[in-house]
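Here is the structure we will look at, set down as C-alpha cells.
The values are calculated or read from the model by the stated rules, or taken from the named source; none is laboratory data. Computed from a prediction, not measured in an experiment: that's the story for all the values here. In this analysis, Cβ positions are derived from the backbone assuming ideal geometry, glycine residues included, and neighbour counts consider all displayed protein chains.
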Amino acid sequence: MAKITLKINGQEVQVEEGATILEAANQAGVYIPTLCYHPYLPLEEACRICVVEDVRRGWSTLVAACVFPARQGMVIETDSEKVQESRKTILELLLSDHPNECMTCQATGQCELQDLAYRYRVQPDVYTGERHRLPVDSDPNPFLHIDMNKCVLCRRCIRACHEIQGADIWTKVGRGFEQRISTAFELPLEDAGCEFCGHCADFCPVDAIGFRSGRYEVRSWETRKGTTVCLQCPMGCGVTYEVHNGKVVTAHGHFASPANGGALCKRGRFNYNFVNTPERLQGAMVQNDAGELESVPVDQALDTAAARLRDLADQNGGPSVAVLAGDMLTNEEYYLLQKLARGALQTHNVDSVAGPWQLPLYEGLATSLGLGAMTNPLSDIARAKSLLVLGSNTLEKHAIAAIRARKAVREGAVMIVAHPDQVALTKNAERHLAIQPGSESALVCGFLKVVLEEKLYDEGFVEANTQDFDKLQRSLEKISLAGVAEKTGLSEDALRDAVRLYASRKPACLIYGADRAGDPADETFYRMCVALQALLGSVGVPGGGVMAMGVAGNGQGAVQFGACPKYLPGFRPATQAASRKVASNLWGVEVPGEPGLSWPDMFEAIDKGQIKALYLVGLDPFGLGLPERKVESALAKLQLLIVQDTAKTRAADFAHVVLPGAAYMEKEGTAVNCERRFQRLSPVMAPPGQARADFDLINGLLRRLHENLAPAGPAAAFAEAAQLVKELGPASYETVDGLCWPIGESGTGTERLLLQGSDKPIKFYAARL
C-alpha cells in the first residue's frame, strides 16, 4: 500500500495511505486523548475529545483525529491553544451533567473521564443547569450494575453489543438533552434479550454500565491483574482476571488472544465462584479407622494414597485401578495422569470426561482428512458466505463460534440453524430447521443426497482433492430422502430448500458443537460432515471447513496427550505393540497390552467388582449424567477412592483420600483449544492454604510409586510428551504458545488444513442414515 508523509507537532511521520491521524500519532508516539474511541470497536466520532488542529495555508480547523484520514503533506498540531481550549470545554460540558461523585464511584482509579479531567484540570461546575436524575441500579439482573447518570454517550456499549456479541440489545433513545442509552422500549435487560456477555461493561469508560462483582468491596488499585486461558469450554479464550485477597473480582476479555480477540461468553465472564467458594479445599484429608475424614498434611495424604494404590494394584493387577479426569487440566497434567496409570499402575484404564465425545471426532476427521480436529481457525467462521450450524446450543456451549457466525451474517452470509429448539442463533438465521433431537447425522446424510442428486457439488474440487467418490455415491443411492425426512421430522421440500440455500454461496462453513446433554456422535457422522464440505469445495479454504468442537475445556489436549484408554500420547494406538514399544523405551518401564476402559465402562466395571480403586482428578462424578444411585453405589463399593479437586464435592463423602487441587487460573502449563491452538496458562493467583497445582499432586504420587517416572516440572513433562506427540514438531514449552498443530519443521503452526501438495488427501466413506 502507498505511503504518505505528514507532520505532527513538527515531526515527520510516514504512514500507510488510509490511516487516521490518531493512528499516525500513535505510530509516532504522540499522545492524543480519546473517550469514544476504542481500537477494537468501529469508529464513531461521538465525543470529539481527540480533536487536533489541521493547519493549512493561512487558516486552520479542528478535526477529530480518530476518524479523520491522514493526507500527504498535512500539518497537525495536537496541543495548540485552540486544541486545549476545545478539549477543556468538551470536558466541562460532560461534567456539567455528570454525578461527579468520585469519592464513592466504583470506577475511581480507572475512569477515563476522571483521568482526562485531571489531565486538563477541569472543574465540574463551570456550566450549571439541569442534570439528569435517572434511576440507579434499577435493573434486576444479577451481573451488571446500571447508572446511566454517568453515561457520556460514547456509544461504546452499543458498538460492542453489535460488533462483538451481535446481540443488538443497547440502543439510543430520545433526542437532544433527553438522549440516553437504553434497551428497546426501555425493557429490563433480560426481557430485552440480553445474553449477559458483559462486553458493554468491559468497554464502558465511566462505569455507567459496570459489574456487580466487587462493587463497594474493593477499589481498582487494590486488585492485581493477570492473564491466562479459560478452560471452561473448548474455545480457549484469553482472559484477564482482577484478583484481590485470593478471590477473583472480575474477568475481562484479553484482546491479544487469537482465539477470542477480547470476547467472552457469560460463563467465562461471570462463572468463577468455583474459585471463590467457601467450599474450597485448603488441605488434605484421609479417612481414619472410624471411617471419618480427618485433616492431614498433603505429603502424608500422598504417602497414604500411593501406598494403597500400590497394594491394590499388586494384589489385583493394574486393571483393578482406574483414573478419571475432568476437563480443566493442562496438557502436562493429562500426560502425567496417563503415565501414572500406564507406567506406574500398569493399566490403560485412564480417561477424561470429554473422551467419549472427543474420540469419534478425532477418528472420523483423521480417517477422512488426515487431521483429527477442526480444520480452520475460529476467525474463519466470520469469512463464510453460508453456514450450517448443528449440535449444541452454540451460543451457550461454544459462544465464540456463535458470535463469529453472527458476524458473517452481518456481512451478508446466509445461516441455517438445525436445532430442536428456537435457540438464540435462530434469530440471525435465514432458516431454522427444527429437527428431532439427535437427528443431526440423518440431516447431514440428507444434505449429501440432495447435493449429489441435484449436482450441486464442485466437480473440479472433487476430482482434484478426493478419493472413493463412487463409494459415497453408491451408499447414498440406497438412502431415500423420505427416510431422512422421517428421522429428522422435516419435510422433503424443506430439506431440499435448505440444501440449495447452503450450497448457493461459497465458501460454506459447517459448525458442529458436541453436547454432553446428548449421546456422542460416531465417526460416521464426522466423515459425512467432511464429505459434505468436500463436495462443496469448502475444505482447506478460508471461510470454509468442518468446525467440529468438543464438549470440554481441554478435551482436545486430554486425548492428544494420552488421557484416554484407546490412545497413548500422540494418538498412538495403546494396544499396538509398536506404539507400546516407543513409550516403553521412553519411560523405561513396560507398557501393558490389555485394553483399557472408557469412563462409562469404568462404572460398569466398578459395579461388577472388577475395578477396586478410582482416582478422580478435577471431576464430580455426580455431574456425569449417570443415574445418581448408580454413582452412589459405585463409589460405595470401591476399596480406595482418591478425590482430588478444588472444592468439596459429593464424591468427597465417599473418599478415602482427599487432595486439594488448584483451579486453572492458579497453575501453569499448556492447553489446546478446539482449533488446535496451543496456549500457555500462567497463574494469576496462588491456590489457597495447602492446595497445590494438580501437576504437583499427580507428580507426587508418581514419584512415590515409581521415582524414575516423575519429570522435574511442566516444561520437562512437555518436552517428554513431545517425543510421542509428533504433531508438535520442533516446538518447545517456551515456543508453542499460539501455534496450531501440526507444527512444521520450521516451527510454524498450521491454522488451516492445507491441501496444496497433497495427493487427493480427502477420503470419502459410505454414508449411513
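Reported count of residues in region 100-129, each being at positive phi and in contact with a helix residue (DSSP H, G or I) (Cβ under 7 Å, 6 or more places away or on another chain), is 2.
Residue by residue, here is whether (1) small (Gly, Ala, Ser); (2) out of contact with any Leu (no Cβ under 6 Å at 6 or more places or on another chain); (3) buried (at least 20 other Cβ atoms within 10 Å of the Cβ); (4) free of Cβ contacts under 8 Å to residues at least 40 places away in the same chain holds:
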residue: VAL559; (1), (2), (3), (4): no, yes, yes, no
residue: LYS581; (1), (2), (3), (4): no, yes, no, yes
residue: VAL589; (1), (2), (3), (4): no, yes, no, no
residue: GLY593; (1), (2), (3), (4): yes, yes, no, yes
residue: ASP601; (1), (2), (3), (4): no, yes, no, yes
residue: PRO621; (1), (2), (3), (4): no, yes, yes, no
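Criterion applied to LYS449, LYS471, LYS455 was being part of a loop (DSSP other than H, G, I, E, B), farther than 16 Å from LEU390 by Cβ and assigned by TED's automatic domain parsing to the domain that holds ARG505, and the one residue passing it is LYS455. Every condition in (1) under 26 Å from HIS199 (Cβ atoms); (2) touching a strand residue (DSSP E or B) at 6+ places or on another chain (Cβ under 8 Å); (3) surrounded by 20 or more Cβ atoms within 10 Å (Cβ to Cβ) holds for ALA25 except the one numbered (1).
Filtering region 28-43 to residues that are surrounded by fewer than 18 Cβ atoms within 10 Å (Cβ to Cβ) and in contact with a Lys or Arg (Cβ under 7 Å, 6 or more places away or on another chain) leaves only PRO42. For HIS132, the conditions (1) surrounded by 15 or more Cβ atoms within 10 Å (Cβ to Cβ); (2) in contact with a helix residue (DSSP H, G or I) (Cβ under 6 Å, 6 or more places away or on another chain); (3) touching a residue at least 40 places away in the same chain (Cβ under 8 Å) all hold with the exception of (1). Annotation: of all residues in region 243-277 being of a type in the set (D, E, K, R) and surrounded by fewer than 22 Cβ atoms within 10 Å (Cβ to Cβ), the one that is nearest to GLU666 (Cα to Cα) is LYS247.
Quick check: is even one residue across region 112-120 in contact with an Asp or Glu (Cβ under 8 Å, 6 or more places away or on another chain), part of a loop (DSSP other than H, G, I, E, B) and not assigned by TED's automatic domain parsing to the domain that holds ARG133? For region 112-120, residues in contact with an Asp or Glu (Cβ under 8 Å, 6 or more places away or on another chain), part of a loop (DSSP other than H, G, I, E, B) and not assigned by TED's automatic domain parsing to the domain that holds ARG133: absent. Flag: LEU495 matches the condition of being over 23 Å from GLY364 (Cα atoms) and either at pLDDT below 95 or in contact with a Gly (Cβ under 7 Å, 6 or more places away or on another chain) (or both). Considering the conditions (1) polar (S, T, N, Q); (2) buried (at least 17 other Cβ atoms within 10 Å of the Cβ); (3) without any contact (Cβ under 8 Å) to a residue 12 or more places away in the chain, GLN106 is excluded by exactly one of them, (3). Which residues, counting only those in region 676-692, are assigned to a strand (DSSP E or B) and either basic (Lys, Arg) or in the same structural domain as LYS648 (by TED's automatic domain parsing) (or both)? Hits for region 676-692 are ARG677, ARG680. You will find that of GLU101, GLU85, the residue that is without any contact (Cβ under 8 Å) to a residue 24 or more places away in the chain, surrounded by fewer than 16 Cβ atoms within 10 Å (Cβ to Cβ) and more than 40 Å from the chain's Cα centre (by Cα) is GLU85 and no other.
In this structure, does SER213 turn out to be without any contact (Cβ under 8 Å) to a residue 40 or more places away in the chain and in contact with a helix residue (DSSP H, G or I) (Cβ under 9 Å, 6 or more places away or on another chain)? No; evaluated as a whole, the condition is false for this residue. Does VAL551 count as crowded, with 24+ Cβ neighbours inside 10 Å, in contact with a Phe, Trp or Tyr (Cβ under 7 Å, 6 or more places away or on another chain) and either β-branched (Val, Ile, Thr) or closer than 30 Å to LEU388 by Cβ (or both)? In short, yes. Under the condition of being charged (D, E, K, R), within 29 Å of CYS674 (Cβ to Cβ) and assigned to a loop (DSSP other than H, G, I, E, B), the residues counted in region 476-517 number 4. In summary, LEU189 fulfils each of the numbered conditions (1) more than 30 Å from THR171 (Cβ to Cβ); (2) of a type in the set (A, V, I, L, M, F, W, C); (3) part of a loop (DSSP other than H, G, I, E, B); (4) outside the structural domain of GLY326 (by TED's automatic domain parsing) with the single exception of condition (1).
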